[in-house]
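The values are calculated or read from the model by the stated rules, or taken from the named source; none is laboratory data. Just so we're clear, the structure is a prediction, and the values are computed from it rather than from any experiment. Positions of Cβ are backbone-derived with ideal geometry, glycine not excepted, and every protein chain shown enters the neighbour counts. Just the protein is used for accessible areas: all its heavy atoms, side chains included, with ligands, DNA and RNA removed. Shrake-Rupley method; radii C 1.70, N 1.55, O 1.52, S 1.80 Å.
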Amino acid sequence: MPEISGVKLNYIEKGEGCPLILIHGLSDDLRFWAPLIPQLSRNYRTVALDLRGHGSSGKPKGPYFIEQFSRDVYSLLNELNIRKAHFIGFSVGGAVVQDLAVNYPEMVSSIVLMSSFSFVDSKLNETFLKLRESLIGGGFAAFFDEILPLVLIPKLINENKAELEQIKEEKVKTESVESLINTVDACMEFDVKDKISVISKPALIISGKEDVLIPDELAGQTHRIIDGSKRVILENTGHNVLIPENLQFLLELILKFLKDV
C-alpha cells in the first residue's frame, strides 16, 4: 500500500491495456466497483482505489478537500507509472474526476461522471448539512438511515431490507465518522462550475431520473458546461445507478464510449 502525502492509499489493479481509473463516492470504497471490474479489466488496466478516509486507506485528521483527493489520485498514478488514463467517478468520485480534468488535463483521456455534481446549490447544501448532523448526532448508523432513501428508490429498499441492514451493521464497525464528516465538508466547499468549460476531453454524464440526492438540474448543468459531453438518464433509477437492473446496459454503454474515444 503506497504512502501518498503521508497517507497510505489502498488500491487494486486488474487487467492490461490502457489505464482505467475508478473512483467511488461518499462512504463507499473500491468494492463499489466489483460488479464492473471483471468485464472492464478484460480490455483495460483497471485500477480502483479507496480515497483517503475511506475503506482500507489511511484516515488522517481533516480538513479534507476535493482538490486533495484528486492530488492523492494523481500522485498514486505517478507511483504506478500511469501517465494518462480514462476516469470513471461516482458521486463524490465524479467531483474528484472533474477536478483532475481541470488541474491535470495531461493525465486525462476521457471522463465518465455518474450521479455527480460540479457545485453545491442551496438544496444540495441543505442535504449535506443533514448528513453531517446525522454523523455528529448518531454516528454511522444514523448517517446510513439518513442517506439510504437518498441513494436508492423505495422499491429497492423494500426488496433488500435484510441485506441493507447487514451492510449497515458491518460498516458501523469499520467506518470513520470523523473522516466522513471531513468528506461532507469537502463536498460543501466544492465548486468547479466556472472551470469545467476548459475540459476538452470526451465526457459521458450518467444520472438516474429519480435521483433525489443530486437533482437533475445539477447533472444537466454539468452536461451543458462541458462542451460536447454526452448525457444518459436512466429510468427507474435513483442516485446509485450501479444496480443489478442497469449493470449490463452500463457496461455496454461505458465500453462503447471508451472504444469510440
Study note, to complete from the structure: Cβ pairs under 7 Å, 6+ apart or interchain, first in segment 233-251 and over 16 Å from K155 (Cα atoms), second open to solvent by 10 Å² or more (accessible area, probe 1.4 Å) and in a helix (DSSP H, G or I), ordered by first then second residue, are L251/Q39
Check your understanding: Considering segment 62-89 alone, what residues qualify as being open to solvent by 10 Å² or more (accessible area, probe 1.4 Å), outside any helix (DSSP H, G or I) and modelled with pLDDT of 95 or more?
Key -> P63, F65, L80, N81, R83, K84, H86
Review point. Does A101 satisfy the condition of being in a helix (DSSP H, G or I), within 24 Å of P202 (Cβ to Cβ) and either touching a residue at least 12 places away in the same chain (Cβ under 8 Å) or of a type in the set (A, V, I, L, M, F, W, C) (or both)?
Key: yes
Check your understanding: Could you count how many residues in segment 170-181 are open to solvent by 90 Å² or more (accessible area, probe 1.4 Å) and modelled with pLDDT of 95 or more?
Key -> 1
Exercise for review: Would you mention how many residues in segment 142-168 are over 22 Å from P244 (Cα atoms) and open to solvent by 50 Å² or more (accessible area, probe 1.4 Å)?
Suggested key: 1
**Study point:** Lone qualifier among V184, V232 - being within 30 Å of K84 (Cα to Cα) and open to solvent by 10 Å² or more (accessible area, probe 1.4 Å)
**Key:** V232
**Study point:** Residue ID - farthest from H24 (Cα to Cα), chosen from residues in segment 104-116 that are open to solvent by 10 Å² or more (accessible area, probe 1.4 Å) and in a helix (DSSP H, G or I)
**Key:** E106
Practice item. Might you check whether a residue that is assigned to a loop (DSSP other than H, G, I, E, B), surrounded by 20 or more Cβ atoms within 10 Å (Cβ to Cβ) and of a type in the set (G, A, S) occurs anywhere in segment 34-43? Key: no
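Taking only segment 189-211 into account, find how many residues are over 26 Å from F65 (Cβ atoms), open to solvent by 10 Å² or more (accessible area, probe 1.4 Å) and either in contact (Cβ under 8 Å) with a residue 60 or more places away in the chain or among the acidic types (D, E) (or both).
Residues that pass the stated criteria total 2.
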Review point. Out of segment 117-141, which residues are more than 18 Å from the chain's Cα centre (by Cα), closer than 16 Å to L180 by Cα and surrounded by fewer than 17 Cβ atoms within 10 Å (Cβ to Cβ)?
Key: L129, K130, E133, I136, G137, G138, G139, A141
Check your understanding: Would segment 139-152 turn up any residue that is in contact with a helix residue (DSSP H, G or I) (Cβ under 6 Å, 6 or more places away or on another chain) and within 30 Å of R83 (Cβ to Cβ)?
Key -> no
